[in-house]
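Participant: Got a structure here, written out as structure tokens. Questions coming.
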Amino acid sequence: MREITLSQAVNEALAEEMRRDETVFILGEDVAEAGTPFKVLSGLVEEFGTDRVIDTPISEPGFVGLAVGAAMTGARPVVDLMFGDFIYLVMDQLCNQAAKQHYMSGGKLQVPMVLRTNMGATRRSAAQHSQSLQALVAHIPGLKVAMPSSAYEAKGLMKTAIRDNNPVVIFEDKLMYQDKAPVPEEEYLIPFGEANVKREGRDITLIATSSMVQVAEKAAVMLAKEGIEAEVIDPRTIVPLDEETLLESVKKTSRAIVIDEGHQSYGVTAEIASRLNEKVFYHLDAPVLRMGAMDVPVPFSPALEDLTVPTPEGVVENARKLCAGEMIHAA
Amino acid sequence: MAKAATKKTKSNADDYLRMYRQMVRIRTFEDNANQLYLSAKMPGLTHMYSGEEAVAVGICEALTDDDRITSTHRGHGHCVAKGAEFKEMFCELLGKAEGYCRGKGGSMHIADQSHGNLGANAIVGGSMGIATGSALRAKLQGSDDVTVCFFGDGATAQGLWYEVMNMAALWKLPVIYACENNGYSEYTKTEEIAAGSIMARAEAFGIESHQVDGQDVLAVNELTQKLVARARKGEGPFFMELMTYRYHGHHVGDINREYYRSKDEEKDWKDNRDPIIRFRAYLVEQGIATEEEIEAMNAEIETDAAEAVAYAEKAPYPPANEVDMHVYAD
Ligand SMILES: Cc1ncc(C[n+]2csc(CCOP(=O)(O)OP(=O)(O)O)c2C)c(N)n1
Ligand SMILES: [Mg+2]
């Protein structure tokens with residue numbers, strides 16, 4: 001199968017959906033000629049013109065509000081939010097306006113929009129350009145949240161997001177834009193709420209989102225050399241969450257580590273770990289562990305930044321302890 | 001070049017030489033920073049201030065250490081102009097422990113806080129509230145310091161600005177909004193993202209507004225001196241639109257940029273409106289400095305920068321235990 005980059009995959013998904021449905025349009029800063037700073041949208045304005053690939057001023061709450069209104073009245077906007085960190089600026093439009101319209105109207109209104117943005121540290125971009133804020137929006141009922149872990153997921157999830165009748169937030173890892181993966185030429189969609197078992201194993205389940213899937217897969221290879229067979233699962237969407245697949249896996253392995261790049265406290269890892277505790281407690285041989293980013297603003301210095309994110313070595317160490325039956329108590 | 005309204009006294013000459021020196025220090029800092037990026041010695045990206053020196057220097061030379069500024073993602077110039085040293089700045093740029101922010105901030109958060117710099121900000125328009133809040137504090141506490149809020153033309157699209165301008169005008173706060181209009185925000189021309197007139201927006205709140213040639217350090221400095229003096233007396237807020245130009249790309253990695261900005265346009269600004277070349281000619285013409293003295297000053301600044309870079313390259317990174325330090329104040 002041909003291999004394309006995550007960036008190309010997103011670009012293809014948008015182009016295909018824009019060809020298929022003329023109500024789809026893109027709105028954001030430097031999305032047209034510049035094709036975004038990450039060049040993800042390059043070429044789209046040439047095909048679809050500036051009426052469907054619209055450059056905005058640096059007015060994030062404004063253009064997200066516009067997207068909400070356009071979506072409520074018959075369009076399918078895809079908003080480009082240049083950095084995930086800017087989600088704080090648009091919280092009212094996203095969480096009070098987009099997320100709640102359908103419910104508040106008793107099902108009469110709907111907001112079929114996509115907010116595509118990014119996440120991920122270690123790009124040496126410091127505290128306001130490196131955050132992974134998926135937990136913030138996953139907390140809000142009415143929003144769906146997708147976290148592609150490769151080019152394949154990025155394309156399939158984007159297409160599903162655009163056709164979904166709800167506001168969907170997609171977090172792409174900005175360090176993965178140039179990563180290649182096999183992506184079929186023919187059309188495919190990835191349904192929301194279907195986890196992907198990336199690797200099977202009997203001893204421990206590693207549940208990981210976005211780029212943390214790679215971290216988990218590397219850890220699994222290292223663990224295999226020690227005779228520990230790790231199962232790696234990518235939920236692909238954290239809202240909706242495919243609980244079923246996660247629970248079945250943990251029933252089998254009886255141990256789990258949940259890995260996500262958001263801050264560890266009050267985060268995605270906590271939510272998933274808690275569901276496992278509630279639903280498969282009696283199958284567990286060890287506490288479910290969370291591994292998130294350290295609870296600090298992301299520091300600029302490489303010497304510090306690298307310490308803040310989960311690593312394969314860290315996962316291996318924790319998995320080893322869980323499998324050895326060592327109880328782990330946080331200090 | 002605007003003529004100086006005041007007579008060229010001895011102290012004026014000193015002020016002028018310091019302004020020239022500060023502009024060259026900024027340009028030299030940026031040249032070195034760019035080199036660090038190109039030789040892959042600098043982590044991440046950075047936004048160069050080259051071309052806009054007269055704005056930061058003209059303004060900051062009209063301020064005291066008690067006056068505050070808020071800076072932007074393009075903040076090295078403001079940082080130097082508000083009194084920072086090369087050594088700590090290069091250390092910060094390289095993420096070293098001796099940097100102004102102990103390596104935690106990097107280029108986009110660089111600031112010498114001890115001289116009243118409240119920080120560079122990676123959120124466009126993100127400091128508008130901070131600057132206005134600093135001015136509110138000055139008024140509430142009866143202190144006569146003034147806060148200058150630097151931001152770009154692109155930042156005028158942020159709604160926050162209109163909220164804080166309203167309050168600043170209602171309450172006559174000692175804040176000066178300094179819009180560095182360099183004609184672009186990222187890869188987009190200002191006229192494509194700004195409807196109507198930017199000045200008129202401030203004027204709509206009853207805020208006295210001025211447009212000034214941002215390549216003319218004396219014009220910037222004279223206007224700022226007047227506005228600062230008035231702001232201290234409770235006559236603020238004010239708005240300044242400084243017409244300027246950035247020589248490099250939006251950031252150091254923005255190299256192929258002809259699709260949004262022509263080489264001819266860049267050349268025209270560099271050749272015909274450079275703030276340093278213009279001011280240098282003025283200094284010589286007015287007999288304030290000779291060519292030789294200026295060359296000597298330039299050379300000294302280059303040596304300073306080279307030494308600071310060498311120092312920063314060898315300086316240690318912060319130790320691992322600093323990673324969770326400074327999350328909360330004691
Ligand atoms: C809230 C926010 N939106 C977008 C960005 C990305 N961004 C960084 S600089 C910039 C352009 C800013 O233009 P301007 O204010 O004119 O400043 P200049 O870069 O020209 O100095 C943009 C869009 C950001 N950092 N913050
Ligand atoms: Mg600008």
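The values are calculated or read from the model by the stated rules, or taken from the named source; none is laboratory data. Predicted, not measured: the structure shown is a model, and the values here were computed from it. Every residue, glycine as well, gets a Cβ built from its backbone with ideal geometry; the counts of neighbours run over all protein chains shown. The area values use the complete protein model at the heavy-atom level, side chains included, leaving out ligands, DNA and RNA. Shrake-Rupley method; radii C 1.70, N 1.55, O 1.52, S 1.80 Å.
Participant: Sort largest first and round to whole Å: the equivalent ellipsoid semi-axes of chain A, each the square root of five times a Cα gyration tensor eigenvalue.
Facilitator: 34, 20, 19
Participant: Moving to a separate point now. Quickly work out the residue B:307-to-residue B:230 label distance, labels modelled 7 Å from Cα along the C-beta direction, and quote it in nm with one decimal.
Facilitator: Rounded to a tenth, the inter-label distance reads 4.3 nm.
Participant: So what's the Cα pair-distance distribution over the range A:10-61, bin width 5 Å, in %?
Facilitator: 5, 23, 33, 24, 11, 3
Participant: Moving on to the next point. Counting just the Cα atoms, what span does the protein assembly as shown cover along each of its three principal axes? Round to the nearest Å and put the largest first.
Facilitator: Principal-axis extents of the Cα atoms in the protein assembly as shown, largest first: 87, 55, 52 Å.
Participant: Right, next: State the percentage of accessible surface on the protein assembly as shown attributable to carbon and sulfur atoms; use a 1.4 Å probe and exclude ligands, DNA and RNA.
Facilitator: 52 percent
Participant: Using the charge dipole of the range A:3-182 (Lys, Arg: +1 at Cβ; Asp, Glu: -1 at Cβ; taken about the Cα centre), state which of A:35, A:103, A:87 has its Cα farthest towards the positive end.
Facilitator: Positive-end residue among those listed: A:103.
Participant: Efficiency by 1/(1 + (r/R0)^6): what FRET value for residue B:317 and residue B:204, r their Cβ-Cβ distance, R0 = 56 Å, to the nearest 0.05? Show your work: numbers first, answer last.
Facilitator: Details: r = 49 Å, r/R0 = 0.87.
My answer for the efficiency is 0.70.
Participant: Could you calculate the contour length gain from residue B:300 to residue B:271, that is, 0.36 nm times the residue separation minus the distance between their Cα atoms, to one decimal place in nm?
Facilitator: Going from the current span to full extension adds 8.0 nm.
Participant: Rounded to whole Å, give me the distance from the Cα center of the range A:99-113 to that of the range B:232-258.
Facilitator: Result: 42 Å between the Cα centres.
Participant: Calculate the spin-label point distance for residue A:73 paired with residue A:109, positioning each point 7 Å from the Cα along the beta-carbon direction, and give it in nanometres.
Facilitator: Taking the simple label geometry, residue A:109 and residue A:73 are separated by 1.2 nm.
Participant: So what J values fall out for the range B:303-317 if you push phi through Karplus, 6.51 cos²θ - 1.76 cosθ + 1.60 with θ = phi - 60°, rounded to Hz, Gly and Pro as x?
Facilitator: Per residue, the Karplus-derived 3J(HN,Hα) values read 5, 3, 5, 4, 5, 5, 5, 4, 4, 5, 4, 8, 5, x, 6 Hz.
Participant: I want to verify a result. In a Gaussian network model of chain A, Cα cutoff 10 Å, which of these has the top mean-square fluctuation: A:70, A:146, A:161?
Facilitator: Comparing A:70, A:146, A:161 in a Gaussian network model of chain A, the most mobile one is A:70.
Participant: If you don't mind, there's one more thing I want to ask. Please report the relative contact order for the range A:50-120, taking Cα pairs under 8 Å with a sequence separation of at least 6, and give it as a percent rounded to a whole number.
Facilitator: 40 percent
Participant: For the residue pair residue B:327 and residue A:224, what label-to-label distance in nm results when each label sits 7 Å from Cα along the Cα-to-beta-carbon direction?
Facilitator: Inter-label distance under the simple model: 3.5 nm.
Participant: Can you divide the C-alpha Rg of the range A:231-331 by 2.2 N^0.38 Å and report the result to two decimal places? List each step's numbers first, then the result.
Facilitator: Working: Rg = 14.1 Å, N = 101, 2.2 N^0.38 = 12.7 Å.
Output field value: 1.11.
Participant: For a paramagnetic label modelled at 7 Å from the Cα of residue A:1 toward its Cβ, which residues of the range A:169-187 fall within the zone defined by backbone nitrogen distances under 15 Å?
Facilitator: A:180-187
Participant: Exactly which GluC sites (Glu not before Pro) in the range B:256-330 are in a DSSP loop and have at most 11 other Cβ atoms within 10 Å?
Facilitator: B:258
Participant: Search the structure for amide H atoms under 5 Å from the amide H of residue A:172, placed 1.01 Å from N in the peptide plane, and list their residues when 5 or more places away or on another chain.
Facilitator: So residue A:172 has HN proximity to A:117, A:118, A:119.
Participant: Efficiency by 1/(1 + (r/R0)^6): what FRET value for residue A:277 and residue A:50, r their Cβ-Cβ distance, R0 = 45 Å, to the nearest 0.05?
Facilitator: 0.30
Participant: Tell me the relative contact order for chain A as a rounded percent, counting alpha carbon contacts under 8 Å between residues six or more apart.
Facilitator: Normalised by residue count, the contact order of chain A is 16 percent.
Participant: On to the next question. Å³ per residue of the Cα convex hull, for the range A:118-218?
Facilitator: 132 Å³
Participant: Loop-only GluC sites (Glu not before Pro) in the range A:281-328, please: DSSP not H, G, I, E or B, and at most 15 other Cβ atoms within 10 Å.
Facilitator: Counting only loop positions with at most 15 other Cβ atoms within 10 Å, the GluC sites (Glu not before Pro) in the range A:281-328 are A:326.
Participant: Can you work out the accessible area per residue across the protein assembly as shown, with the rest of the protein chains kept in place, probe 1.4 Å, in square angstrom?
Facilitator: Per-residue accessible area for the protein assembly as shown comes out at 39 Å².
Participant: Sticking with this one: Under 5 Å between amide H atoms, partner at least 5 residues away or on a different chain: which partners does residue A:239 have, H built in plane at 1.01 Å?
Facilitator: The list, which skips near neighbours in sequence, is A:145.
Participant: Roughly speaking, what is the centre-to-centre gap between the range A:261-321 and the range A:173-204 when only Cα atoms are used, to the nearest Å?
Facilitator: The two parts, judged by their Cα centres, are 21 Å apart.
Participant: Show me you know the interface measure: the accessible area buried between B and A, both chains summed, probe 1.4 Å, in Å² to the nearest 100.
Facilitator: Values: alone 14550 and 13870 Å², together 25960 Å².
Summing both chains' loss of accessible area gives about 2500 Å².
Participant: What list of ³J(HN,Hα) values in whole Hz, one per residue of the range A:249-255 in order, does the Karplus curve 6.51 cos²θ - 1.76 cosθ + 1.60 (θ = phi - 60°) give from phi, with Gly and Pro shown as x?
Facilitator: Couplings: 4, 6, 4, 6, 8, 6, 9 Hz.
Participant: In nm², what is the average projected area of the convex hull enclosing the Cα atoms of the range A:147-289?
Facilitator: Directional mean of the projected Cα hull area for the range A:147-289 stands at 9.2 nm².
Participant: Using the C-alpha gyration tensor of chain B, what are the square roots of 5 times its eigenvalues, in whole angstrom, with the largest one first?
Facilitator: 28, 25, 21
Participant: Follow-up. Do any residues of the range A:119-154 lose at least 50 Å² of accessible area when the full set of protein chains is present rather than just their chain alone, and if so which, with a 1.4 Å probe?
Facilitator: A:128
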